[in-house]
Amino acid sequence: MSKAEKTLLNVPKIQADFPILHRKIRGKRLVYLDSAATSQKPRQVIDATTDFYMRYNANVHRAIYELGEEATREYEGAREKVAAFIHARSPNQVIFTKSTTEALNLVAYGYGLKGPIQAGDEIVGTVMEHHSNHVPWHFVRDHKGAVLKYVDIDDEGNLRMEQYDELITKRTKIVTVSMCSNVLGTINPIKEIAKRAHEAGAVCVVDAAQAAPHLPIDVQSLGADFLAFSGHKMLGPTGIGVLYGETEALEATEPLLGGGEMIREVHLGRASWNDIPYRFEGGTPNIAGAIGLGVAVDYLTDLKMEAVRAHEMEVTRYALDEIHRIPGVRTYGPEDVKQKAGVLAFTIDGVHPHDIASILDVEGICVRSGHHCAQPLMERYDLPATARASFYVYNDSDDVDVLMAGIRKVQEVFA
Amino acid sequence: MSKAEKTLLNVPKIQADFPILHRKIRGKRLVYLDSAATSQKPRQVIDATTDFYMRYNANVHRAIYELGEEATREYEGAREKVAAFIHARSPNQVIFTKSTTEALNLVAYGYGLKGPIQAGDEIVGTVMEHHSNHVPWHFVRDHKGAVLKYVDIDDEGNLRMEQYDELITKRTKIVTVSMCSNVLGTINPIKEIAKRAHEAGAVCVVDAAQAAPHLPIDVQSLGADFLAFSGHKMLGPTGIGVLYGETEALEATEPLLGGGEMIREVHLGRASWNDIPYRFEGGTPNIAGAIGLGVAVDYLTDLKMEAVRAHEMEVTRYALDEIHRIPGVRTYGPEDVKQKAGVLAFTIDGVHPHDIASILDVEGICVRSGHHCAQPLMERYDLPATARASFYVYNDSDDVDVLMAGIRKVQEVFA
Amino acid sequence: MSASSDLYQEQILDHYKHPRNKGPLPGASLQARDSNPLCGDEVTLRMKVEGSHLISEVRFEGRGCAISQASASMLTTIVKGKAVRDAEALDRDAILKALGIPLSAARLKCALLPLNVLKLALGNKTDVGV
Amino acid sequence: MSASSDLYQEQILDHYKHPRNKGPLPGASLQARDSNPLCGDEVTLRMKVEGSHLISEVRFEGRGCAISQASASMLTTIVKGKAVRDAEALDRDAILKALGIPLSAARLKCALLPLNVLKLALGNKTDVGV
Ligand SMILES: Cc1ncc(COP(=O)(O)O)c(C=O)c1O
Ligand SMILES: Cc1ncc(COP(=O)(O)O)c(C=O)c1O
């Protein structure tokens, strides 16, 4: 196979759903290759949030009037859609947060800093985590005296699984890992890691920010106790995220935000908590955001996540093949697209990644450059920065061709 | 004056900007009187978030490409608008959160639980607070051993200011109070309370969720060290809130959420923080929400907050006059509209507030019934619940007339 | 009267204003209490059971909205004189039929509270699915 | 070449590929270093000053993108031989004019890093407003 035309997705039809893709940048077609940072949104999602504000905007859960009933029904409907999307047993295992970052902090505070974690308890992470799955655990160490440990990677960017043998001990209480690296694209063996965590009596916390948009997820078969992701990376609005929790794990978790909605009773100086999941949703939630995320999930479900994954494998395979034909370009992460999501970090000899991004920008191509919020990973590779292209349902081999032409142009400029 | 026609606001023109107000509920005109729960949104705000997704959706702060530059410019532009709206000295004093609730928790964790508060330090609240300004302080008590104290109200719903003399001591570190009660409408003398807090060396934390939408706010003249409010109550989108902080207070505050954007450097097991305000904005923010809030602030600024306040005083005065003409109806909170925002809590003898709300709903009138997330206040009045009508820029004396007719209908049904 | 009567039909208002079987029941053999924390509605139900078969007496006490209190009153008239087994078989549809009004999700909680209390009193912990 | 040349004009690329005054400067009397934490750009500037008036020698070291490194190289050519007072008076406009290219907010940080380092070295803590 040379090109991705044989894909299971009808990319031109999909592109037609995304108004922004019809924009021109300095006269050039917009080639958006930064979906790992945030995805674009289809008309359906945009319309759903507009429709909420135009027709039935109201606060949820407490109103007796019609608008409030409708808003509550749609908000809870979105929870059901998300639960089905990740194959949760019950919608009550789905908590709406504002982002993956809030979701991971909810676990770090609720299960760690304010929860059952004790001094000397161990938390095992990895060197490939996003800052959002590093910093919250520092808090648990600083305030609870937990001990932090990290699994290393090999040079191809795969977790050195054998290190878990040593790093997981009887004191391990939390094993946390990203399902998919936002730099290398590495897809980690969550099932195996969760199994090892459970054998040691620890919970497994999964950062699925880069996985939920791109891979079919079944929280039950994965064995994840907590799993976090963001709406804005999966065709949904900004300001909405999800924390899935296994019921037992959620019951051991203290709320992060105290306030309205999350209580059963409040008296001066004391309070009791509402049921799960409301306990973890203090304050007026991002109602429009949740409803929009529900529609994004509908959109992905219609495409079928298996097809999304197959499509991205094709595009990534094509991109790897093409980029390797350009001398002086290095890539990072697994070569086998079965182990890799549609994330392509690369550098060009003699050119700083910022200059790559700037020159590509002139060509209408959006790629990211920098440390991608994964400084410990960059240190592991001894790199100050990389450029990164990432693919989604609206990208195809044409976009890859434009990127390759852009990379050649960068090389010309710096020749 | 009998009717509010003489208002400074052109209400029909304003109503024309709110698509939802043209909706019919069971054939009746929608009379939305629950803006204290969440406000409706003008076309301008809805369009601004749509426009973001259609034209320049991108993640903020790190992208080199055009879309990212535009998104960052608009997001930071919204911060500047909010800063100007509350007369902050600098946009760097404005932190975007997801809600008032998150903003107050940020202070409770960042300045309390993880901050300078010590065992035995005292936090002075009031009995009229919303749950979101109660529960976070319980956390500080539970984890830091702080002592919680509460100022009572008199029967008209005004703070018993003289109690501060006794309750504020040398151990007082935080004095927290809502600028405006969401049940009674009471407008509290923040300037005076902040002064007393400062005299004792304490910071003053202001819950302005019900104030920012309705009153001109000048954080400098108020002397607030922290001030929190929500976009969704002031014509903005859901999922966006604001914490204002005096620079010195922010410098003493630890971040709540650890993750992307909020760091300067991350290494395995250690990290340093980004500048204020980014330090407090971990994770991808609600970009569309912030931009929408910026446009909501533009809308209110165009109307002029002084005019908004004057209009609401008129409508409230008219509503109080009218409701007092109906026997068997009780109201709560100050009678003097100079002391009261446009919030009208009431009960009807022999009718449960839920039944009031249900019958009004049939008439197309949206009011709230329940404890309004202020159970300690309800206990203070020994009430299980009240009905509550609340007014905003799109309400006028016609709406009050419809409400009064509705109340009479309730009485008929239960006669 | 207008459309308000959809929800507040005469029958409901009649039960609310003139509740049947309201008051204490000294010597009750079964009793339970529950409340709807979000609304503040409260219902206590007490019963006398003859030979563990027949519900010979039933009384309720409570406070709350018309829907919850009328529902409690109606429930007592349904249950009184019934076999325990038949009372146990009562489900939400039976109550909603008795009320005979369209209910929104928020008001459903009010309407079903008394049935929940009945189930509690009969020692059946299964929630009626509010 | 295409529109890429807007940003990467020959002059910039020339300074990037053939930096002027790059390398260590033993015996420097003034020196400073700064980095752009978000980008990883780094610049160290060293100067010799004669009789505290004239900048007789200037060298830089650094790593980073073409904009930051070309800007550093150009800055050394501007500063060399100048009176300290004149170097102190250099502002962001002077640098942007020398670069002669349109810069987005993100790239502005790169372009102005060397000027910031100069100000630091001259003991002037005022930020140039990046
Ligand atoms: C006085 C007051 N404080 C805090 C809040 C909480 O606001 P939010 O739910 O937007 O976090 C509210 C709104 O319900 C309020 O009225
Ligand atoms: C692997 C990973 N984890 C966490 C995050 C944080 O997501 P958010 O910024 O939406 O909180 C990201 C996104 O940048 C990510 O790629």
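For each pair in A:Lys81/B:Lys41; B:Lys13/B:Lys233; B:Lys409/C:Lys22; A:Lys24/D:Lys109, compute the distance between the two Cα atoms and list the pairs where it is over 23 Å. Don't jump to the answer; show the numbers that get you there.
Values: A:Lys81/B:Lys41 26 Å; B:Lys13/B:Lys233 20 Å; B:Lys409/C:Lys22 27 Å; A:Lys24/D:Lys109 26 Å.
As for pairs spanning more than 23 Å Cα to Cα, those are A:Lys81/B:Lys41; B:Lys409/C:Lys22; A:Lys24/D:Lys109.
Put a point 7 Å out from Cα along the line to Cβ at D:Lys17; what are the distances to that point in the other copies, in nm, shortest first?
Spacings between copies for this position, smallest first, are 9.6 nm.
Rank the residues B:Asp47, A:Asp17 as a footprinting-exposure proxy: fewest other Cβ atoms within 10 Å of their Cβ go first. Mind dumping the intermediate values first?
Values: B:Asp47 15, A:Asp17 18.
Fewest-to-most ranking of B:Asp47, A:Asp17: B:Asp47, A:Asp17.
Assign unit charges at the C-beta atoms only (+1 for Lys and Arg, -1 for Asp and Glu), then state the dipole size of the protein assembly as shown relative to its Cα centre in Debye, rounded to the nearest 20.
Values: 122 positive and 140 negative charges, 4 e Å.
Computed charge dipole of the protein assembly as shown: roughly 20 debye.
Please report A:Trp273, A:Trp137 as a ranked list, fewest other C-beta atoms within 10 angstrom at the top and most at the bottom.
Sorted ascending by nearby Cβ count, the order is A:Trp273, A:Trp137.
Could you tell me the center-to-center distance, by alpha carbons, between the range A:142-156 and the range B:239-258 in angstrom?
The distance from the Cα centre of the range A:142-156 to that of the range B:239-258 comes to 28 Å.
What does the extension gain come out to for B:Arg55 and B:Glu76, with contour length at 0.36 nm per residue minus their alpha carbon separation?
Here the segment from B:Arg55 to B:Glu76 would lengthen by 5.8 nm.
For chain A, set up a GNM with springs between Cα atoms under 10 Å and report which of A:Gly260, A:Gly370, A:Gly125 has the largest fluctuation.
For chain A, modelled as a Gaussian network with Cα springs under 10 Å, the answer is A:Gly260.
Please compute the Kirkwood hydrodynamic radius over the range A:174-215, one decimal place, Å, based on all pairs of different Cα atoms. Numbers along the way, then the final one.
Values: mean 1/r = 0.0955 Å⁻¹.
Taking the inverse mean of 1/r over all distinct Cα pairs, the range A:174-215 comes out at 10.5 Å.
In debye, nearest 20: dipole of chain B around its Cα centre with unit charges on the Cβ of K, R (+) and D, E (-)? Intermediate values should be presented prior to the final figure.
Working: 44 positive and 56 negative charges, 104 e Å.
With Lys and Arg at +1 and Asp and Glu at -1, about 500 debye.
Near A:Lys173, which lysines are there with a Cα under 23 Å away, not counting those fewer than 8 places off in the same chain?
A:Lys114, A:Lys144, A:Lys149, A:Lys191, A:Lys195, B:Lys114
Once Rh is set to the Kirkwood radius over Cα pairs, what Stokes-Einstein translational diffusion coefficient, in µm²/s, holds for the range A:184-342 at a temperature of 37 °C and a viscosity of 0.692 mPa s?
Values: Rh = 18.2 Å.
Taking Rh from Cα pairs, D becomes 180 µm²/s.
Using the Cα centre as the reference, give the magnitude of the dipole from point charges on the C-beta atoms of the range D:3-121 (Lys, Arg: +1; Asp, Glu: -1; all else neutral), rounded to the nearest 20 debye. Could you put the intermediate results ahead of the total?
Numbers: 16 positive and 13 negative charges, 39 e Å.
In total the dipole reaches around 180 debye.
Apply the Kirkwood formula to the range B:16-69: the hydrodynamic radius equals the inverse of the mean of 1/r over all pairs of different alpha-carbon atoms; give it in Å with one decimal. Could you put the intermediate results ahead of the total?
On the way: mean 1/r = 0.0721 Å⁻¹.
Evaluated over the range B:16-69, this radius sits at 13.9 Å.
In angstroms, what radius of gyration and Dmax does the range C:65-129 have, counting Cα atoms only?
That works out to 11.0, 31 Å for Rg and Dmax.
Explain nothing, just the number: relative contact order of chain D, from Cα pairs under 8 Å at least 6 residues apart, as a whole percent. Spell out each step's value before the answer.
On the way: 221 pairs, mean separation 35.4, N = 130.
It comes to 27 percent, rounded to a whole number.
Pick out, from B:Val45, B:Ile64, B:Val31, the residue whose Cα sits farthest towards the positive end of the charge dipole of the range B:27-67, with +1 on the Cβ of Lys and Arg and -1 on the Cβ of Asp and Glu.
B:Val31
What's the Kirkwood radius of the range C:3-121 in Å, using all Cα pairs?
Evaluated over the range C:3-121, this radius sits at 14.1 Å.
Can you return the aspartates and glutamates within cross-link range of B:Lys304? Criterion is Cα-Cα under 19 Å, with same-chain partners fewer than 8 residues away left out.
List returned: B:Glu5, B:Asp17, B:Glu80, B:Asp218, B:Glu312, B:Glu314, B:Asp396.
If you take every residue apart from A:Thr253 with its C-beta less than 11 Å away from the C-beta of A:Thr253, what net charge results, scoring Lys and Arg +1 and Asp and Glu -1?
Spelling it out: positives minus negatives among the neighbours equals -3.
Compare the Cα positions of C:Ser73, C:Met47, C:Leu7 along the charge dipole of the range C:3-121 (+1 at Cβ of Lys, Arg; -1 at Cβ of Asp, Glu; about the Cα centre) and return the one farthest towards the positive end.
C:Met47
Which value, in nm² and rounded to one decimal, describes the direction-averaged projected area of the C-alpha convex hull of the protein assembly as shown?
With every direction weighted equally, the projected area is 46.6 nm².
Anyone know which of A:Gly259, A:Gly289, A:Gly342 comes out most mobile in the 10 Å Cα GNM of chain A?
A:Gly259
Based on the alpha-carbon set only, what is the convex hull volume of the range A:46-301 divided per residue, in Å³? Walk me through the numbers before you get to the answer.
Values: hull volume 29.6 nm³, N = 256.
Cα-based convex hull of the range A:46-301, divided per residue, equals 115 Å³.
How many nm is it between the label spots at C:Ala105 and A:Gln220, if each spot is 7 Å from the Cα in line with the beta carbon?
With each label point 7 Å from Cα toward Cβ, the separation is 2.3 nm.
What nm distances, shortest first, do you get from the label point of B:Pro116 to those in the other copies when the point sits 7 angstrom along Cα to Cβ?
Its label point is 3.8 nm from the equivalent points in the other copies.
Provide the FRET efficiency to the nearest 0.05 for the B:Arg264-B:Glu379 pair, computing r from the beta carbons and using R0 = 56 Å.
Working: r = 46 Å, r/R0 = 0.83.
Once the sixth-power term is evaluated, E becomes 0.75.
With a 10 Å cut-off between alpha carbons and a GNM built on chain D, which of D:Gly51, D:Gly64, D:Gly100 moves the most?
Fluctuation is largest for D:Gly51.
Hydropathy at least 0.0 by Kyte-Doolittle, axial extent at least 20 angstrom from the Cα trace: which helices of chain C, defined as entire DSSP H runs, fit? Numbers along the way, then the final one.
Values: long enough: C:105-121 (24 Å, 1.14).
Span-like helices, by this rule, are C:105-121.
Do the sum for chain A: with -39,500 (n - 2.57) for every DSSP H run of n ≥ 4, divided by all residues, what is the mean residue ellipticity at 222 nm, to the nearest 500 deg cm²/dmol? Write down the numbers at each step before the final one.
Working: 14 runs with 147 residues, N = 415.
The per-residue figure over chain A is -10500 deg cm²/dmol.
Just to be sure I understand: chains C and D are related by a rotation, so which residue of C has its Cβ closest to that axis, and how close in Å?
Nearest Cβ to the rotation axis, residue and whole-Å distance: C:Leu38, 23.
Report the dimensions of the range A:310-356 along its three principal axes from the alpha-carbon atoms, largest first, rounded to Å.
Reported extents, whole Å, longest axis first: 34, 19, 15.
Between the label point of D:Arg85 and that of the same position in each other copy, find the distances and list them shortest first in nm, with every label point placed 7 Å from Cα along the Cα-to-C-beta direction.
Distances between equivalent label points, in nm: 11.1.
What is the helix-to-structure angle for B:66-85, meaning the angle in degrees between its Cα long axis and the longest Cα principal axis of chain B, kept from 0 to 90 and rounded to the nearest 10?
That works out to roughly 60 degrees.
What number comes out for the charge environment of B:Trp273, summing +1 per Lys or Arg and -1 per Asp or Glu over other residues with Cβ under 15 Å away?
Numbers: positive: B:Lys114, B:Arg264, B:Arg270, B:Arg279; negative: A:Asp142, B:Glu251, B:Glu254, B:Glu261, B:Glu265, B:Asp275, B:Glu281.
Residues close to B:Trp273 contribute a combined charge of -3.
How do C:Ser35, C:Ser73 rank when sorted from fewest to most other Cβ atoms within 10 Å of their own Cβ? It would help to have the intermediate numbers written out before the result.
Working: C:Ser35 18, C:Ser73 22.
So the ranking, lowest neighbour count to highest, is C:Ser35, C:Ser73.
Any read-out appearing in this document is the output of simple, stated calculations on the displayed coordinates, not a laboratory observation. Quantities reported herein were computed from a predicted structural model and do not represent experimental measurements. With ideal geometry, Cβ positions are generated from the backbone for all residues, glycine too; neighbour counts draw on all protein chains shown.
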